[in-house]
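Only the coordinates and a few stated rules stand behind these numbers; no lab work does. Since we're looking at a predicted model, the values are computed, not measured. Because the Cβ atoms are built from the backbone with ideal geometry, glycine has one as well, and the counts that use them run over all protein chains shown.
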Amino acid sequence: MRNKQGLSTVITTLIIILLVLIAIGIVWVVVRNLINQGARTGDITTQCLSIDMSITGVTGSCNPTGGCAVTIYRGAGGGNVDGVKMVFMNKSTSTTTDIMDIATSFEPLGTYVEKNQTAFTFGVDNVQITPYIKDSTGKEQLCPQPQPVSFDF
């Protein structure tokens with residue numbers, strides 16, 4: 001009988017060790033995924049830090065009867081810019097009238113004119129742009145900005 005109790009203790013100890021190893025493996029997978037996700041987010045944020053983009057002018061009529069053209073300038077520095085989200089607003093009513101996705105590569109020191117032929121529901125007196133970068137999966141990651149690049153007209 002004593003041999004059976006000793007064997008039982010050894011088996012119990014082995015089962016406990018196996019369960020601990022499985023638990024460590026599960027925790028490691030979760031922690032590794034969190035670290036990798038944070039690294040990807042940090043990489044995009046780093047690329048966005050020195051991107052210098054501004055709206056240099058708006059021509060045409062951004063009101064219910066016609067479209068307008070927005071001129072965007074990209075300064076030197078920063079990583080690749082895969083596109084820009086452009087938001088047309090009416091500041092007096094705080095209404096977002098239209099959101100455009102300009103999916104084109106913005107090279108440093110380039111000027112780009114984007115024509116919007118949309119007839120807006122409300123008059124537009126402000127346009128904002130936010131650059132974005134596509135991550136390794138092709139998903140758009142908006143560049144975090146302390147203040148949106150904005151132009152009143």
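Descriptive notes on the structure:
- Candidate aspartates and glutamates - alpha carbon under 12 Å from residue 91, same-chain residues fewer than 8 apart omitted: 125, 152
- Among 68, 62, the order by Cβ neighbours within 10 angstrom, fewest to most, reads 68, 62.
- Residue order, fewest to most beta carbons within 10 Å, for 18, 142: 18, 142
- Note on region 71-145: along the principal axes its Cα atoms extend 37, 26, 22 Å, ordered by decreasing extent.
- Neighbour-count ranking [beta-carbon atoms within 10 angstrom, fewest first] of 15, 133, 44: 15, 44, 133
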